[in-house]
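S.K.: Dropping a structure here in structure tokens format, bear with me for questions.
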Amino acid sequence: MFLEELALKSNSIGSGNERIREILLVLLVLCAIGFLILTLLKELGKDSAGAQSVLKTSKQALVRYFIMNLAIVFVALVIVNYISVMRNHNFDLSSKGQYSFSPTAVKILKNVDKEVEVIAFYPRPLENSPSSDKANSFSLRRIRPDLEIYLDQLKSLSPQFKTRFINADVELDDLAEFGQVSNGTILFRTKKPFAESGKQYAEQRLSIREKSDLEDLERKIVQAVVNITTEEKNIYFTQSNGERFSSIFQNLPNEKIGILSNSLSFLNFKVKGLGIAEGWPSRIPENTDVLVIAGPTVAFSKEAQTAILDFIEKKKGKIFITIDPKGTENFNWLLEKSGYEFAKGPLSQVQGQAGMILAKSFRKHPIEEALSRKDMGAVFPFAGYFVPRTTLEPGSKNLEAFPLMESGGDSILDKNNNGKQDNGEERRNVILGMILKTIPKVQKEETKQNSATGLSELQQGSTEQKKDSPIALADSKQDSQNNPNSLLTPSPKGENETPSKNKDTDSKEEGRIVIFSGTSWITDQFISYGTNYELATSSITWMYQDLSLSSIQPKKEEVNTVSLTEVQKRVVWILGMFIFPGLIAVVSSVALIQKRKREGEES
């Protein structure tokens, strides 16, 4: 610890000495310039003293005024230059503000109260690259000038942002503190107040390698800054019912969730295990911000179920759940409160690969907005699915359900699990991930009143869900009509077709659950595929954030092309080949004739 403190002090002293040296250098240059000007003026004064003795007094005053004005202008230029460097105000003259942040992003970034380092790893435009990576390096060199303009905006928004560029292929001595990095990466990091060994920074990395990646760069920057600057949260992983975080799976490289848990520690989470030593299952620690239940293979006891329900309903807690279809815990005791239940499957989609699903169907939600690679889909192997309950007891529904991710209409209910569609097996669009939220008291009272008038609890729950969800009712109805095999609940008849605004309450005032019907997708074997990593981390960070990026639209560069007809092409050709050259020749001839006439008259 003493050596670390000494190193930190030496670094701060070194930065202070560099600032002093820069100031002294500026003063030295100013003195040298002033000396040269005074010497020049002195020599000029000596040369003209004899010839202009009468004007000596006035010239001295003129010289004094000149020097004073020069000094004032010079000081003003130094001040303007200093302000322009410290407060780098840029003017974006591009169409649609291609290099500017939107008002929503500006409001968020200006409120950052921690120093954020932004390190971009890109080669300079004229630097050579290894012959094996010339094509990739060319695209990175091409987008670096645009990135420099974009990241400079951060410094003008807030002095908390410090940006710099490093070429990871050349400046190898500067890479020691960043771990394993490569060109094409932007690193956002901020110091933790109580840093653990090896984890002094909360950080997030963005991969920007193509020109098209700049379209949604603003969203990525805002999300990254919010993730690392938010107050550190305590996240507990249960480990007493055969979950992936327990010691049972630590020696199974493909089944443990080491990559996910380590990544959360860099996203300002303090990762802890929840077992008997922490009082589980009788209680959940008071300082728990997010609870993760990753694939329990043994069913929870009544005591554990009560503790989880109390954590959601009374403490408005946040829980991330993944179900293991091979285990005995199906969470129906929790899902029944939202009108759904879990079905084990099995599901298949990829021909010849039993149990493999590539889910690309996401509903509109802040979690979905944070996925930069959602077009690649989530690799979701060995999973079940969620279906609406056929019967629902009156008054038992106190959780609002919102389908987040679906399999798409080409998934097979593969009863014999052979990876292909056989006789008697059908293709269906099923729900793979859902969001459950506690229903506010006012909404509960409306539900009871509507149920008294003859409307069923299931229909009323669906109505409330769609009114408060970000997705339009028309889209939901269209999905149900287009896919007759869908297991999603259709909207009741007579429901208002116009989409309503999202009325989500503050995250602190409601319990939130994100539950998925499979667990293998977050294991070390599959989390690097598709958008799995982003889906897991975005789902967890959304728990305590009320950040919606829908108002930050991607900035797509539109190229307006003009198509000419054959007649227009012919007209352009005639104008260019004959009319314009002819006009030029006529005007030149007239000018030449008039010039010769004037010369003849003068002679």
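S.K.: Would you say I312 is closer than 18 Å to W542 by Cβ and more than 27 Å from the chain's Cα centre (by Cα)?
M.R.: For I312, the condition - closer than 18 Å to W542 by Cβ and more than 27 Å from the chain's Cα centre (by Cα) - is met.
S.K.: Next question. Considering every residue within the range 358-372, establish whether at least one is modelled with pLDDT of 90 or more and assigned to a helix (DSSP H, G or I).
M.R.: no
S.K.: I would also like to ask the following. Does at least one position in the range 295-308 carry a residue that is crowded, with 16+ Cβ neighbours inside 10 Å and among the β-branched types (V, I, T)?
M.R.: yes
S.K.: Of the residues K220, K155, K162, which single one is out of contact with any helix residue (DSSP H, G or I) (no Cβ under 7 Å at 6 or more places or on another chain), touching a residue at least 40 places away in the same chain (Cβ under 8 Å), farther than 28 Å from L535 by Cβ and in a helix (DSSP H, G or I)?
M.R.: K155
S.K.: Mind counting the residues in the range 555-603 that are at pLDDT below 85 and either within 30 Å of E218 (Cβ to Cβ) or not aliphatic (A, V, I, L, M) (or both)?
M.R.: Matching residues across the range 555-603 total 14.
S.K.: Within the range 327-340, is even one residue at pLDDT below 90 and part of a strand (DSSP E or B)?
M.R.: Scanning the range 327-340, I find no residue that is at pLDDT below 90 and part of a strand (DSSP E or B), so the answer is no.
Here is a yes/no grid of residues against (1) under 26 Å from K316 (Cα atoms); (2) buried (at least 17 other Cβ atoms within 10 Å of the Cβ); (3) among the hydrophobic types (A, V, I, L, M, F, W, C):
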{"site": "V379", "(1), (2), (3)": "no, yes, yes"}
{"site": "F382", "(1), (2), (3)": "no, yes, yes"}
{"site": "V387", "(1), (2), (3)": "yes, yes, yes"}
{"site": "E393", "(1), (2), (3)": "yes, no, no"}
{"site": "K397", "(1), (2), (3)": "yes, yes, no"}
{"site": "M405", "(1), (2), (3)": "yes, yes, yes"}
{"site": "G408", "(1), (2), (3)": "no, yes, no"}
{"site": "N416", "(1), (2), (3)": "no, no, no"}
{"site": "G419", "(1), (2), (3)": "no, yes, no"}
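S.K.: In the range 424-458, how many are under 17 Å from Q349 (Cα atoms) and at pLDDT below 80?
M.R.: Here the count works out to 2.
S.K.: Filtering the range 521-545 down to residues that are of a type in the set (F, W, Y) and under 15 Å from the mean Cα position of the chain (by Cα), which residue is farthest from I257 (Cα to Cα)?
M.R.: W542
S.K.: Next question, about the same structure. Is it true that some residue in the range 235-258 is under 17 Å from the mean Cα position of the chain (by Cα), surrounded by 17 or more Cβ atoms within 10 Å (Cβ to Cβ) and not aliphatic (A, V, I, L, M)?
M.R.: No: zero hits.
The values are calculated or read from the model by the stated rules, or taken from the named source; none is laboratory data. Remember, it's a predicted structure, so these values are computed and weren't measured experimentally. Cβ: placed from backbone, ideal geometry, glycine included. Neighbour counts: every protein chain shown.
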